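Before we start, here is the structure in question, set down as structure tokens.
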Amino acid sequence: MKDLFPGVVEVCPGMVLLNDFADTAELATELERVLAAAPLRQMQTSRGFPMSVRTSNCGQLGWISDRQGYRYTAIDPVTGKPWPAMPSMFQTLAEQAALAAGFDHFKPDACLINYYLPGTQMGAHQDRDEMDFTAPIVSVSMGIDARFFVIGPERQGPSTAVDLRDGDVLVFGGPARRFYHGVRRLKASEHPRHGAVRWNLTFRKAR
Ligand code: MD3
Ligand code: FE
């Protein structure tokens, strides 16, 4: 790990942590509006069991999982309508975070919303349903702390842990864009504003 600037840490090449970068109180207001139009749901996987993380999306495209597999769609299969627009505050935050990490002109077309209750985890995986791997992914954490881990280009091997707190933003580009990663089982705790839950927003360029 290397400190680039105060609060800006290079975890590994292409992976930059911006400590306390986002104002999550502002984000929560917009998030509420988005979720009123596209409610959280527990998606199925091709193997037939549900994901433990609850999800929704905003933006032109949304990431979904069902018995057919994973993909991005323009229509929310639950409402039959387009995903709600990405709030301009979300767009600005994602673009500013990418810039702070050294990626110019990041214009995400998809924002995946993950909702974690204590006991929820996300197993090691790669994000590879997007067309353009030169664009970074920007991840914003809200609510209670989580232990994130990153392995490398192969699923097997030692992992590096990063504790993510409310307001922390992680940017993945360059070689780290293809790294396996996940989230350890969430420990119960309480955040003064967001309660006993965790939210993660990931901004992506899907097409
Ligand atoms: C590294 N979400 O939605 S965010 C995901 O906290 C996901 O909800 C986790 O992994 C969460 O796919 C981790 C950090 C993250 C997001 C996307 C990445 C790390 C990444 C894409 C490529 C490499
Ligand atoms: Fe991921």
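The values are calculated or read from the model by the stated rules, or taken from the named source; none is laboratory data. Quick caveat, the model's predicted, so the values are computed rather than measured. No Cβ is skipped: glycine too gets one built from the backbone with ideal geometry, and neighbour counts run over all protein chains shown. For the accessible areas, the whole protein counts, side chains as well, though only heavy atoms, and no ligand, DNA or RNA atoms are used. Shrake-Rupley method; radii C 1.70, N 1.55, O 1.52, S 1.80 Å.
Quick one: ALA188 ticks every box in (1) part of a loop (DSSP other than H, G, I, E, B); (2) among the aliphatic types (A, V, I, L, M); (3) open to solvent by less than 20 Å² (accessible area, probe 1.4 Å) bar one, so which box is it?
Going through the list (1) part of a loop (DSSP other than H, G, I, E, B); (2) among the aliphatic types (A, V, I, L, M); (3) open to solvent by less than 20 Å² (accessible area, probe 1.4 Å), ALA188 breaks only (3).
Next up: Where residues in the stretch 122-149 are within 10 Å of ligand 2 (Cβ to nearest atom) and surrounded by 17 or more Cβ atoms within 10 Å (Cβ to Cβ), which of them is nearest to TYR72 (Cα to Cα)?
Among residues in the stretch 122-149 that are within 10 Å of ligand 2 (Cβ to nearest atom) and surrounded by 17 or more Cβ atoms within 10 Å (Cβ to Cβ), the one nearest to TYR72 (Cα to Cα) is ASP127.
Does the stretch 143-154 contain any residue that is in contact (Cβ under 8 Å) with a residue 40 or more places away in the chain and in a loop (DSSP other than H, G, I, E, B)?
yes
Moving on to the next point. In this structure, is VAL183 within 10 Å of ligand 1 (Cβ to nearest atom), buried (at least 22 other Cβ atoms within 10 Å of the Cβ) and either under 14 Å from the mean Cα position of the chain (by Cα) or farther than 25 Å from LEU61 by Cα (or both)?
no
Related question: Consider SER46 carefully, then state whether it is within 15 Å of ligand 1 (Cβ to nearest atom), in a loop (DSSP other than H, G, I, E, B) and surrounded by fewer than 17 Cβ atoms within 10 Å (Cβ to Cβ).
So SER46 fails the test.
Look through GLY48, GLY62, GLY80 and report the one residue that is farther than 28 Å from THR160 by Cα, at pLDDT below 95 and of a type outside the set (S, T, N, Q).
GLY48
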